[in-house]
Structure formats: C-alpha cells, structure tokens
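Written out below as structure tokens is the structure these notes cover.
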Amino acid sequence: MTMRFGVIGCGMVAQVMHIPYLAELPETELHAFADPAEDRARALADRYNVPNVYAGHEALLEDASDELDAVIVLTPFQTHADVAVDALEADIHTLVEKPIAATIEDADRMVEAERASDAVGMVAYMKRYDPAYERAQAEIDRLAEIDLVTAYDVDPDHFRIVEEVYDLVEGNPPAELIAESVEKRRSDIERAIRTDDDRLVDAYDFQLEHVCHDVNVLRGLFGPVERIDHVDVFADGRYATAHLLYEGGVRCVLETGDSDRKWFEEFVRVDGPDGCVRLDFSNPFIKNSPTELGVKEGVEELTETVHTPSYEENFKRELEYFVRCARGEAEVRTTFSEAREDVRLIADIFRAYRGESVRTGE
C-alpha cells in the first residue's frame with residue numbers, strides 16, 4: 001500500500017534529496033508541501049504534481065492529517081520540536097532532519113511525544129544507512145584492539161557546489177517570520193551552551209548542524225561517550241577539536257571545521273596495533289558518489305584493500321528504511337533518544353571548553 005507523505009519545509013535539502021527520492025520510490029506518494037514561502041512550495045508542487053500546498057504545518061495537519069501517513073520535517077532545527085510534536089500527536093509517522101533540536105528541552109519534548117504516539121519517529125542521519133558504514137563495524141571488530149579513533153570533518157562552501165549542480169527554487173517567506181525564527185535560534189543556542197558570547201554562539205550554530213553527523217556515526221560504531229577530556233575552539237570559532245573517551249577505553253580525536261575551500265573531506269579512521277580501518281565519506285550533495293572503506297593489515301607484510309560496497313544513495317536508502325519502520329517491518333536505527341544525546345554531547349563540548357563541569361556518561 002502506498003504511503004502518502006507531507007514535506008514540511010521545502011528548502012535546499014528538501015529539493016536536492018528528499019522530494020526527488022520520494023517521487024522515485026514506488027511505495028510513496030507526495031501528497032502535500034508546507035512552507036512559509038508559499039511561492040516556492042507552489043512552484044515545487046507544480047514540478048512534482050503535488051495536489052496540496054500550505055503555508056505552515058498547522059494548516060497542513062488541520063486540513064490533511066487524515067489523508068497523510070507520514071511527514072518529513074525539513075524546517076530550521078530550532079523549529080523541529082513544535083512541528084514534530086504536532087505531527088506525532090496526530091499519530092503521523094515523522095522523519096526529522098538532523099540535528100533534532102537546538103536544546104535538550106526541545107529534544108525532550110520530541111522524545112516524549114514519540115513515546116506517547118502510535119506513530120514512528122526517526123532522525124535523518126543518512127550516513128548510518130551508507131553501505132560502507134554498515135560494513136565498517138565488521139572490519140573494526142576484526143582488529144585485535146583499538147589504539148585510536150580519528151574523526152575528521154571539514155566542510156567546504158556547500159551552497160556554491162549546490163548552485164552549480166542543482167536547479168533550486170527560491171522562495172520569499174514573510175520577513176517577520178524570518179526575524180522571529182532567527183531570534184528563537186539565537187535564544188535557544190544561548191540557553192544550550194549557557195553563554196551569549198557571539199563567537200561561541202556562532203560556532204555552536206555551525207557545529208550543531210555539522211558535527212552531529214560525526215558524533216552519531218561514532219555513536220553507532222562505539223556507543224556513548226563516557227568522558228570529554230579536552231576541547232579547543234579556534235580560528236575565530238570555525239574549527240574545534242575534542243578528545244573523547246568511549247566505552248571500553250576507546251579514545252577518539254574529533255576534528256571539525258568550516259572553510260571556503262571547494263573540496264569535501266570527512267573520514268573516520270580506526271587504528272589498531274596491526275591494522276587500520278578507514279571510512280572516507282563522499283560529498284553528500286554529489287549524488288551516488290560512494291563512500292570507500294579502506295582496510296590495511298600487517299606488520300611484516302602489508303595487505304591493503306579498498307571496498308566500495310555500493311553506489312546507492314544514502315538519502316534514498318534512509319527513506320526506504322523509514323518506510324519499513326512505519327510499516328512495522330524494521331526497528332528504528334536512528335532514534336529520537338540517540339539524537340537527543342548527540343545534542344547533549346555537542347552542548348557539553350562547548351560548555352567544557354568554557355571550563356564548566358559537564359556530566360560523564362549518558
């Protein structure tokens with residue numbers, strides 16, 4: 001049976017990934033778009049033959065909740081909680097883009113709403129559905145022990161790349177709505193990291209959207225963080241490093257940053273005494289560019305293998321998995337609860353940098 005979807009928020013990631021792949025999947029139907037930039041939503045509705053357009057999620061849920069099976073929440077992260085809670089209270093399966101929220105308080109609201117609902121809630125961490133990532137755990141388990149994990153992620157100017165590749169529809173949301181949303185985002189961030197320092201507020205704003213991918217990738221491989229040992233934020237807040245201790249004494253150096261350069265680089269490297277496993281992620285906005293899984297073994301002799309398990313697109317695999325979860329055919333892998341702990345960890349990294357005492361373990 002076809003699942004009818006509403007897309008709430010029709011910006012870049014919606015246009016580049018979620019909408020086109022929902023249109024491709026035989027088991028899904030695009031039923032409604034909601035976006036405060038109604039001109040953008042209507043243009044996209046015409047492009048994809050979508051029958052219903054709304055200015056906000058409230059109108060969508062009031063008018064079409066009985067017709068919808070699922071929604072994807074692709075609004076700015078400071079608005080995720082209000083949208084997702086309303087959808088889950090209407091018992092509509094809800095996929096939320098990362099990060100789940102700006103604050104633990106909003107993430108708590110979402111976790112509670114998902115627990116109280118008969119619907120499925122899932123967070124869109126597409127890297128967890130990457131075929132190379134799924135294979136990496138078995139290769140890591142083959143290491144006799146883990147000496148060090150290195151996670152590196154420095155973003156280029158993604159918007160410049162996207163503009164070169166995709167035909168995006170621009171929109172004109174009401175100015176007062178933008179101002180209100182920006183003010184809430186700033187207020188949420190200040191509350192999350194307990195400071196109004198402009199440099200740290202801007203740094204957390206970027207890192208929350210950026211490094212949440214990495215901390216969730218690491219969580220999937222190594223479990224929760226037990227301790228934050230050292231943090232530095234530098235280069236005018238564009239870069240950060242953190243030394244993290246995971247279960248079983250696994251140590252990780254996390255390096256993350258923002259740049260104007262044109263190449264993308266993100267990897268997780270796991271070093272053991274006689275081997276190394278390395279995941280090299282591809283640019284997420286270049287479709288069907290595969291992640292490579294490299295394995296090196298040997299002391300006296302070297303064996304080096306590079307696996308490219310699939311050219312399937314992670315975003316599409318993620319949507320297919322969400323449909324399976326909604327139908328009761330699979331268990332949610334990237335849960336609201338995990339995503340809440342990712343937000344907590346990132347906030348704790350910034351609070352630790354400021355010299356605050358933060359909790360250990362989760």
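Positive-end ranking of A192, P20, A240 along the dipole of the chain, with charges on Cβ about the Cα centre, is headed by A240.
With a Förster radius of 35 Å, plug the Cβ-Cβ distance of R227 and S65 into 1/(1 + (r/R0)^6) and report the FRET value to the nearest 0.05. Please list the in-between numbers first.
Values: r = 44 Å, r/R0 = 1.27.
With R0 = 35 Å, the Cβ-Cβ based efficiency is 0.20.
When the alpha-carbon atoms of segment 119-270 are used, the pair Rg, Dmax equals 18.0, 58 angstrom. Here segment 150-171 is scanned for amide nitrogen atoms under 20 Å from the site 7 Å beyond the Cα of I286 along Cα-to-Cβ, giving 152-168.
Could you please state how large a percent of the accessible area of segment 1-83 is carbon and sulfur, counting protein chains only and using a 1.4 Å probe? Walk me through the numbers on the way to the answer.
On the way: 1390 of 3120 Å².
It is 44 percent, rounded to a whole number.
Taking every DSSP beta bridge that has both ends in the chain, the antiparallel portion is near 60%.
A Cβ-based charge dipole, computed about the Cα centre of the chain with Lys and Arg at +1 and Asp and Glu at -1, lands at about 300 debye. Our summary gives segment 254-330 a relative contact order of 19 percent, counting only alpha carbon pairs under 8 angstrom and 6 or more residues apart. Solvent-accessible surface of the chain, averaged per residue with a 1.4 angstrom probe and all protein chains in place: 43 square angstrom.
Under 20 °C and 1.002 mPa s, how fast does segment 219-353 diffuse according to Stokes-Einstein, given a Kirkwood radius computed over C-alpha pairs? Answer in µm²/s, whole number. After rounding, the answer is 121 µm²/s.
Amide H to amide H distances under 5 Å link L148 with D271, where only residues 5 or more positions off or on other chains count and H is placed in the peptide plane. Approximating the spin labels as points 7 Å out from Cα along Cα→Cβ, the V299-to-D274 distance works out to 0.6 nm. In this simple spin-label model, placing a label point 7 Å from the Cα along the Cα-to-Cβ direction at both S187 and R142 gives a separation of 5.4 nm. For the chain, the residue among V268, Y353, I104 whose Cα projects farthest onto the positive side of the dipole built from Cβ charges is V268. Modelled this way, with points 7 Å down the Cα-to-C-beta line, the labels at D236 and R199 are 1.2 nm from one another. Across segment 286-346, the mean sequence separation of Cα contacts (distance under 8 Å, 6 or more residues apart), normalised by length, yields a relative contact order of 23 percent.
Contact order, relative form, for the chain: 20 percent (alpha carbon pairs under 8 Å, 6 or more residues apart, mean separation divided by residue count).
A straight line joining the Cα centroids of segment 318-357 and segment 80-152 runs 4 Å. For segment 125-226, run through the GluC sites (Glu not before Pro) and keep only the ones in DSSP coil with at most 14 other Cβ atoms within 10 Å of their Cβ. Passing sites in segment 125-226 are E145, E170.
Mean residue ellipticity at 222 nm from the helices of the chain, using -39,500 (n - 2.57) per DSSP H segment of n ≥ 4 over the full residue count, to the nearest 500 deg cm²/dmol? Intermediate results must be reported in sequence, preceding the final value.
Working: 11 runs with 142 residues, N = 362.
Counting only the DSSP helices, I get -12500 deg cm²/dmol.
Rounded to the nearest 20, the size of the Cβ-charge dipole of segment 240-362 about its Cα centre is 560 debye, with Lys and Arg at +1 and Asp and Glu at -1. Secondary structure note: in segment 266-338, about 100% of the DSSP beta bridges are antiparallel. The loop-placed GluC sites (Glu not before Pro) in segment 1-108, going by DSSP, that have at most 14 neighbouring Cβ atoms within 10 Å of their Cβ come out as E27. Given DSSP loops and a limit of at most 13 other Cβ atoms within 10 Å, what is the longest stretch of the chain that contains no such chymotrypsin sites (Phe, Trp or Tyr not before Pro)? Maximal segment without exposed cleavage sites: 1-262. Separation of segment 233-258 from segment 284-317 is 23 Å, based on Cα centroids.
The values are calculated or read from the model by the stated rules, or taken from the named source; none is laboratory data. Everything numeric here is computed off the predicted structure, so don't read it as measured data. Don't worry about glycine lacking a Cβ; one is built from the backbone with ideal geometry, like all the others, and counts go over all protein chains shown. Note: areas computed on protein heavy atoms with side chains; ligands, DNA, RNA excluded. Shrake-Rupley method; radii C 1.70, N 1.55, O 1.52, S 1.80 Å.
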